[in-house]
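Readers should treat all values here as calculations from the given coordinates under stated rules, not as data from a laboratory. As the structure is a computational prediction, the values presented were derived from the model and not from experiment. Methodologically, a virtual Cβ is constructed for each residue, glycine included, from the backbone with ideal geometry; neighbour enumeration extends over all protein chains shown.
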Amino acid sequence: MPELPEVETVRQGLAQWVTGRRIASVQVRHPRAVRRHVPGAAHFADVLAGRTVTGVRRRGKYLWLPLDSGDAMIGHLGMSGQLLLQPLDAADELHLRVRFRFADDGPELRFVDQRTFGGLSVSEGGAELPAEIAHIARDPMDDAFSDAGFVAALRRRRTEVKRALLDQTLISGVGNIYADEALWRAKLHGARPTDALTAPAVTRLLGHVRDVLGEAIQQGGTSFDDLYVDVNGESGYFDRSLNVYGREGAPCRRCGTPIRREAFMNRSSYSCPRCQPRPRVAPRG
DNA sequence: CCTCATTCCTGCGGGC
DNA sequence: TGCCCGCAGGAATGAG
């Protein structure tokens with residue numbers, strides 16, 4: 001499940017392999033992969049052909065490839081998206097959605113996506129920051145991220161702290177896995193009401209978010225299965241470092257209490273019952 | 001404006 | 001054995 005560290009790993013690989021290359025042709029093999037490109041699949045392919053990729057940038061879980069035209073191709077991996085560099089003669093993947101060939105006849109770029117939650121689109125004039133993702137907050141690895149602004153904004157919310165961490169308009173790049181890991185490190189239950197947290201507590205939580213994201217980037221991200229790999233098809237290793245996510249019943253690495261799993265927002269939350277007790281009062285109580 | 005439930009999608013694995 | 005259902009979940013969308 002690609003979150004910031006996985007997307008950053010992909011970004012680094014793409015930057016190495018596609019920067020400076022001119023796109024020769026684009027083949028859209030599944031229209032759903034470009035559903036966010038309103039003018040349609042044919043236009044998507046036409047507007048990219050002949051353009052040179054000038055870099056690879058990221059905000060939160062979104063990637064974009066600025067082009068020499070001043071436009072940008074936006075990409076989101078969703079749940080199961082992959083951007084792979086492959087030899088021209090490599091067999092098509094079962095879930096190959098979009099293929100890019102380059103003028104240099106070198107390795108081609110493929111967008112492969114089993115569940116099709118991800119997608120690609122072209123942003124007109126979006127090279128610097130695509131308008132389509134301008135509503136996404138800066139992520140905590142961005143030099144321009146404002147710690148004080150985040151702390152204040154989170155405390156103004158009337159919601160639960162895990163919901164706030166997952167809100168990409170407040171802080172981007174954090175998904176279910178890293179939210180649980182950061183909350184465990186901060187010894188906070190995800191249901192804690194944001195407006196009752198002190199500023200120092202939120203500052204500490206942010207520090208843990210940044211730490212866990214940074215450590216995961218160093219490990220090449222988290223891979224549970226073949227659904228997340230880098231541009232060369234390699235898995236990351238951070239799953240070995242997870243303290244709570246996916247560890248229901250296993251002993252907490254701080255206190256030995258079995259990790260619990262709770263339903264949350266149609267998914268699962270993992271936490272330590274002892275280190276992260278549920279809040280005593282309801283959020284609206 | 002703010003918050004939150006719903007929806008999209010496919011493959012896997014548990015249970016019967 | 002084979003079928004069905006739940007689960008995985010990021011983010012757009014619309015309801016309230």
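Normalised by the residues of chain A, what does the relative contact order come to in percent, with Cα pairs under 8 Å and at least six apart? Before the final figure, lay out each step's value.
Details: 601 pairs, mean separation 52.5, N = 285.
Here the relative contact order equals 18 percent.
Once both axes come from the Cα atoms, what is the angle between helix A:4-18 and the longest principal axis of chain A, in degrees from 0 to 90, rounded to 10?
Helix A:4-18 sits roughly 20 degrees off the main axis of chain A.
Rounded to the nearest 10 degrees, what's the angle between the helix A:176-186 long axis and the longest principal axis of chain A, both from Cα atoms, 0 to 90?
The helix A:176-186 is inclined about 40 degrees to chain A.
Write down the Å³ per residue value for the convex hull defined by the alpha carbon atoms of the range A:147-271.
On the way: hull volume 14.4 nm³, N = 125.
Cα convex hull per residue, to the nearest whole number: 115 Å³.
On alpha carbon coordinates alone, what is the Rg over Rh value for the range A:4-133, Rh being the Kirkwood radius? Let's see the in-between values first.
Values: Rg = 13.0 Å, Rh = 14.3 Å.
Here the Rg-to-Rh quotient is 0.91.
Only helical DSSP H runs with n ≥ 4 go in: add -39500 (n - 2.57) per run for chain A, normalise by residue count and round the 222 nm mean residue ellipticity to 500 deg cm²/dmol. Don't skip to the end; give the middle numbers.
Values: 6 runs with 70 residues, N = 285.
Taken over chain A, the calculation gives -7500 deg cm²/dmol.
Using a 10 Å cut-off on Cβ atoms, rank the peptides A:8-15, A:256-263, A:213-220 from the highest mean neighbour count down.
Numbers: A:8-15: 21.4, A:256-263: 14.4, A:213-220: 18.2.
Those peptides, ordered most packed to least, come out A:8-15, A:213-220, A:256-263.
So if I average 1/r over every pair of distinct C-alpha atoms in chain A and take the inverse, what Kirkwood radius in Å does that give? Walk me through the numbers on the way to the answer.
Details: mean 1/r = 0.0503 Å⁻¹.
Across chain A, the inverse of the average 1/r is 19.9 Å.
To the nearest 20 debye, what charge dipole does chain A have about its Cα centre, counting +1 at the Cβ of each Lys and Arg and -1 at the Cβ of each Asp and Glu?
Values: 40 positive and 34 negative charges, 335 e Å.
Roughly 1620 debye for chain A.
Would you please put A:90-99, A:143-152 in order of how densely packed they are, using the mean number of other Cβ atoms within 10 angstrom per residue and starting with the highest? Mind dumping the intermediate values first?
Numbers: A:90-99: 15.8, A:143-152: 12.5.
Top to bottom by mean Cβ count within 10 Å: A:90-99, A:143-152.
Please tell me the relative contact order of the range A:147-271 in percent, rounded to the nearest whole number, where contacts are Cα pairs under 8 Å and at least six residues apart.
Values: 169 pairs, mean separation 25.5, N = 125.
Rounded, it is 20 percent for the range A:147-271.
May I ask for the angle, rounded to the nearest 10°, between helix A:147-156 and the longest principal axis of chain A, with both axes built from Cα atoms and the value confined to 0 to 90°?
Taking the Cα atoms of chain A, the angle to A:147-156 is about 60 degrees.
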